[in-house]
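The numbers here are math on the coordinates, done by the rules we state, and not lab data. Note that the coordinates shown come from a computational prediction; the quantities given were computed from them, not determined experimentally. A quick note on method: Cβ atoms are made from the backbone with ideal geometry, for glycine too, and the neighbour counts reach across all protein chains shown.
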Amino acid sequence: MKKKNFIALLATAVMTVSCGTMGTGLLTTDTLSSLGDVIVSVLGINKINENPLYGTWNYAGPGCAFTTDDLLAKAGGEMAAKKIEDKLLPHYQTLGINSGNTSFVFNQDKTFVAKVAGKTFKGNYNFDPSTGAIALQTLLISLNGYITRNTSGISLLFESQKVLTILQMLGGISGNTTISAIGEISKNYDGVRIGFDLRK
């Protein structure tokens, strides 16, 4: 989808939401946040430079974005991304993922330390700010993903199989029904990436 078409899609979203708020004549904070989410639900639109990436990022919820604005539109727009996150949330909770035990630390020396559901893995990373692509390398696995801005911080997102690999590696729970359910959710949407919303 060309940029002007995406702008038209966003304008339509603004008009739709505005119509829903005409009774009060005000755009609420939630409304403005939703409009921002329309933009951040496409990888590569809201990039982050490397310096702001450094530091500790704590889990804030499931993350989701589409690889192109065209696929986002075909899937039903921001509501589709929000629906995926809502479906992921109870499965993440079942696996014990919460803000107190899940975080990612990116250091200036290109090392990282990640903790997911209390289990730690670490290694080196390479980040390309021009594309948002990030490669995480540990002794056991390599994970290629994306980092994009969201309305409260960043999202660290992967192809669904990579997310399943992380969960299986950390929990030793291959074949777990919860993990299988997470894989099934993403299969229903083309070009979706899932992972973690993070904030400092």
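For the range 43-75, which chymotrypsin sites (Phe, Trp or Tyr not before Pro) pass both filters: DSSP loop (anything but H, G, I, E, B) and at most 16 other C-beta atoms within 10 Å? Please list the in-between numbers first.
Working: sites: Tyr54, Trp57, Tyr59, Phe66; in loops: Tyr54.
Qualifying residues, ordered by number: Tyr54.
Take the residue pairs Lys82/Lys110; Lys87/Lys119; Lys82/Lys162 and return only those whose Cα atoms are more than 28 Å apart.
Numbers: Lys82/Lys110 32 Å; Lys87/Lys119 23 Å; Lys82/Lys162 20 Å.
Violating the 28 Å limit, Cα to Cα: Lys82/Lys110.
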Percentage, to the nearest whole number, of Cα pairs in the range 85-153 over 21 Å apart: 34 percent
